[in-house]
Amino acid sequence: MSWKTIDDLALAGKTVLTRVDINVPMDGDVVTDTTRIDKIRPTVEDIIVRGGKVVLLAHFGRPKGKVVPEMSLRHVLPALEKSLGRKVDFVERPSRSVIDSLPFDSVVLVENTRFTPMEEANDPEMARFLASLGDVFCNDAFSAAHRAHASTEGIAHLLPSFAGRLMEEELRALEAALGNPQRPVVAVVGGAKVSTKLELLGNLVSKVDHLVIGGGMANTFLVAKGIDVGKSLAERDMAPIALDILTKAKAAGCTIHLPVDVVVAAAFKAGAENKVAAPNACPPDQMILDAGPATVAALTKVFESCKTLIWNGPLGAFEIAPFDAATSNAARVAAALTKAGKLVSVAGGGDTVSALNHAGVAADFTFISTAGGAFLEWMEGKVLPGVAALHG
Ligand code: AMP
């Protein structure tokens, strides 16, 4: 890969504009999950160790180009200082002279980049202004890399640019899973709807050896095969598209795995009375809420036969027990194979991280991407503008 890293540039005495994702959830003034803040620490430390001055550029919430005081990055300052273990100087109106006046061993945080509409418009004037604040550009916000904004893309064309540690880690993991993976590769795609993951399925069938389809999406495929799924969540109008995907997969030599047994219940609620049934035996007044144990056993065999796994989306309604069983059990199998050094496992996107956390195995996967939209777009085979701008 042709992008540069922190190790490739001389940073001593340089002001390093560092795009990060510290868009953390808040409850009042309290950051409720500091994961994103904690993850930028290696980049910040490595730049400081090399004698660079870190100037953080970030967005916070969706202020839609206006100054919204509740979305000031000032609110994350205490959590940021705590996580980094150093003083952070907050700059509301940045200028080169203000930034130059601050000491090298402090970290500088610039106010929310989205307080002007020029950011999301990728306005060249804004990119030029941001670039004028420093000497080099470090992009450590993979999760914002699917957006071509002034602070993620525009600026990268104006300064010597490189990937931060977190970006580097994401790119390496994703490259190992889909770019240049060890084969065979299995992809697990679950979740509610086919319609939201069409491009993803279309891209995967041409890249992976096995494609496991689970969750509500699998119901749509069952319908396409002429199976009555009762009251199950299914997008009946998507049946022709599901058939298209099956045809495309066959042509590409990708084996599709649908549930071989399912768990059905009369109500979508925790602890609802349920039973295991054949996929074509869902009673008309009931719904499929999970894959069954025979499906998990079949997936175990597939996972064991593969060297690489990429996972997005749950196999059932994992938020409500006992319909979390297939997702959790399959995730445990993947985690155990990973721990044994037999599988490279990469997971990400939306509910996947919470499903794997719920199964208690997130730490055992090779890599878990916390970048929702960017991870999905990358799985769809799209070029991420923020990453593309780092090349060459
Ligand atoms: P997504 O955001 O597309 O990844 O979908 C995740 C959601 O799909 C979760 O909230 C699951 O509860 C839901 N889901 C998965 N399988 C089913 C199913 N068989 N019936 C209804 N909802 C499901």
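Descriptive notes on the structure:
- The stretch 6-166: antiparallel DSSP beta bridges as a percent of all, rounded to 5: 10 percent
- HN-Hα J in Hz across the stretch 127-132 - Karplus 6.51, -1.76, 1.60, θ = phi - 60°, x for Gly and Pro: 4, 5, 4, 4, 4, 5
- Rg over Rh [alpha-carbon atoms, Kirkwood Rh] for the stretch 6-166: 0.92
- Cα-based helix-to-principal-axis angle, 239-252 vs the chain, degrees rounded to 10: 80 degrees
- Cut-off under 5 Å, modelled amide H: who pairs with residue 52 long-range: 13
- Cα convex hull volume per residue for the chain (Å³): 146 Å³
- For the pair the stretch 270-293 and the stretch 327-392, the centres of their Cα atoms are 28 angstrom apart.
- Candidate lysines - alpha carbon under 20 Å from residue 39, same-chain residues fewer than 8 apart omitted: 4, 53, 82, 87
- Where both bridge residues fall in the chain, DSSP classifies roughly 20% of the beta bridges as antiparallel.
- Distant-in-sequence amide contacts of residue 345, defined by a placed amide H-H separation under 5 Å and a gap of 5 or more residues or a different chain, comprise 309, 366, 367.
- Our summary gives the stretch 172-285 a relative contact order of 25 percent, counting only alpha carbon pairs under 8 angstrom and 6 or more residues apart.
- Efficiency of FRET from Cβ geometry, residue 30 and residue 66, R₀ 22 Å, rounded to 0.05: 0.35
- Per-selection Rg to Rh, the stretch 89-214 - Cα, Kirkwood hydrodynamic radius: 1.11
- Taking the Cα centre of the stretch 181-379 as reference, the dipole from Cβ charges on Lys and Arg (+1) and Asp and Glu (-1) amounts to some 500 debye.
- One Cα centroid belongs to the stretch 183-199, the other to the stretch 43-90; the line between them spans 35 Å.
- Each Cα pair of the stretch 272-380 feeds into the Kirkwood radius, which the Stokes-Einstein equation turns, at 4 °C and 1.567 mPa s, into a diffusion coefficient of 89 µm²/s.
- Length-normalised contact order for the chain - Cα pairs under 8 Å, 6+ apart - percent: 15 percent
- Each Cα pair under 8 Å and six or more residues apart adds its sequence gap; the mean of these over the residue count of the stretch 6-166 is a relative contact order of 29 percent.
- The chain - mean residue ellipticity at 222 nm from DSSP helices (-39,500 (n - 2.57) per run, n ≥ 4, rounded to 500): -9500 deg cm²/dmol
- About the centre of its Cα atoms, the stretch 39-142 shows a dipole size close to 220 debye [charges on the beta carbon of Lys, Arg (+1) and Asp, Glu (-1) only; nearest 20 debye].
- Along the stretch 63-74 the Karplus relation, 6.51 cos²θ - 1.76 cosθ + 1.60 evaluated at θ = phi - 60°, assigns HN-Hα couplings of x, 6, x, 10, 7, 10, x, 5, 9, 6, 5, 3 Hz to successive residues, with x for each Gly and Pro.
- Dipole axis of the chain (+1 Lys, Arg; -1 Asp, Glu on Cβ), positive-most option in 155, 293, 34: 293
- In sequence order, calculated HN-Hα J values of the stretch 99-109 (Karplus, 6.51, -1.76, 1.60; Hz; x Gly/Pro): 5, 5, 7, 8, x, 5, 8, 9, 9, 10, 10
- When +1 charges are put on Lys and Arg Cβ atoms and -1 charges on Asp and Glu Cβ atoms, the dipole computed for the chain relative to its Cα centre reaches about 500 debye.
- Angle between the chain longest axis and helix 215-224 axis [Cα atoms, degrees, rounded to 10]: 50 degrees
- Degrees between helix 325-339 axis and first principal axis of the chain (Cα, 0 to 90, nearest 10): 60 degrees
- Volume per residue of the convex hull around the Cα atoms, evaluated for the stretch 181-379, comes out as 98 Å³.
- Look at the dipole of the stretch 309-392 built from charges on Cβ: of 375, 348, 334, the Cα furthest out on the positive end belongs to 334.
None of the figures in this text is laboratory data; all of them are computed from the coordinates on show. Nothing here was measured: the structure is a model prediction, and the numbers come from that model. Because the Cβ atoms are built from the backbone with ideal geometry, glycine has one as well, and the counts that use them run over all protein chains shown.
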